[in-house]
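All remarks here apply to the structure that follows.
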Amino acid sequence: MLNWLFNLEKKRKRLLDKAPAGPVRDYLASPFPDRNSSIDDTALLALDFETSGLDVKKDHLLSVGYVELRQNRILLDTAHHQIIHSKRDMSGDNISIHHITHDQAAQGQTLAKTVESILRQLQGKVLLAHHAAVEIGFLQQACKTLYGMAPVIPAIDTMQLARRRLERQQQPCKANQLRLFNLRKQYGLPAYQAHNALMDAIATAELFLAQLAHGNYRKPPPLKNFLLHP
């Protein structure tokens, strides 16, 4: 894990040398938070995408929601929700799940402006997501499409943190146990409307704070204890 953390910053610097001028270069120009810094002192961006499916090459982004965390507090005044422009046909299942209509998608913000906003918000922060591979995969694919390269993104995954906890306790993982709403229920957190990007981002932020509070730490642990790694 430590080698991966060192390589993360090295890869950022290598990519910075190759990055074209614009949003992805601006993002890579900001150093990542120090892996040894306290989690309390680390700025996070809880992020959630609603997508038409899970294949980053075939499916597309429908909406994004994000909110900042600083000093283990959710800054609701930073909360943002955006429907993303698309002229692609969506199935009835997609509309019934995400409640985003064809008209709303057609009038949404362009992918370029949306990704530029996300990268700007992520500068100097760590991405926080539930099942973060989805957010990382779609964001990197969008960057490849727009800028010809995918940035490296340090991230914390609340689902992986829950899995690690079960492994430490030598407990089996039951079906659907690691779903966001089921984990929130375990910590006594209220049920929110699912499949809304902003609500899911806030729900993830709250879950992370609950996981942190129940960690029984004698002092604030370092960021490296939480980072997603292969």
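The values are calculated or read from the model by the stated rules, or taken from the named source; none is laboratory data. Remember, predicted model here, so these are calculated numbers, not experimental data. Heads up, the Cβs are rebuilt from the backbone with ideal geometry, glycines too, and the neighbour counts pull from every protein chain shown. Calculation scope for accessible area: heavy atoms of the full protein, side chains included, ligands and nucleic acids excluded. Shrake-Rupley method; radii C 1.70, N 1.55, O 1.52, S 1.80 Å.
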Revision key, fill the gap. The helices (runs of 4 or more DSSP H) lying entirely within segment 125-230 that contain at least 3 residues which are among the aliphatic types (A, V, I, L, M) and modelled with pLDDT of 95 or more are 132-147, 158-168, 197-213
Point to revise | Within segment 41-81, considering residues that are surrounded by 15 or more Cβ atoms within 10 Å (Cβ to Cβ) and outside any strand (DSSP E or B), the one nearest to the chain's Cα centre (by Cα) | key: 43
Point to revise | Members of segment 194-211 found to be within 12 Å of residue 65 (Cβ to Cβ) and open to solvent by 10 Å² or more (accessible area, probe 1.4 Å), listed by number | key: 195, 196, 198, 199, 200, 202
Check your understanding: Can you tell me how many residues in segment 151-179 are open to solvent by 30 Å² or more (accessible area, probe 1.4 Å) and touching a helix residue (DSSP H, G or I) at 6+ places or on another chain (Cβ under 7 Å)?
Key -> 2
